[in-house]
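Asker: Below is one structure. I have some questions about it.
No lab work stands behind these numbers, since they all come straight from the coordinates. This one's a predicted model, so the numbers in the text were calculated from it and none came from an experiment. With ideal geometry, Cβ positions are generated from the backbone for all residues, glycine too; neighbour counts draw on all protein chains shown.
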């Protein structure tokens, strides 16, 4: 069957290759074939959640570690919070209880970071100061 006759549905962002089960993945977008079973589509969504959680965690870690400004560090904690939510989703989808529990705790810790670095200064409190080592 030629490429143009295969029905595709746009999903989200992911890879760039073609495999033998009828899925064509373009860089930037993922086109999921209706030929795939619900389980195979589920596995693609699970993989997407895992990669989004990984990348957002890396970006947040860079933002917090370099501490360019208190506001940027605060937004790093916002991204960490989103990453924790994605990891909880992935852990739930893949029945990984330890990962789910860990990221529920990290979610709460990240909310403290959001409060300390973004909300508290906006409410008239002092922002965390940079400490020299």
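Asker: If neighbour count is taken as other Cβ atoms inside 10 Å, put 100, 81 in order from fewest to most.
Answerer: Fewest-to-most Cβ neighbours within 10 Å comes out as 100, 81.
Asker: Label the range 40-122 by shape, choosing from rounded, prolate and oblate, from the square roots a ≥ b ≥ c of the eigenvalues of the Cα gyration tensor; if a/c is under 1.5 it is rounded, and otherwise prolate applies when a/b is larger than b/c, oblate when it is not.
Answerer: prolate
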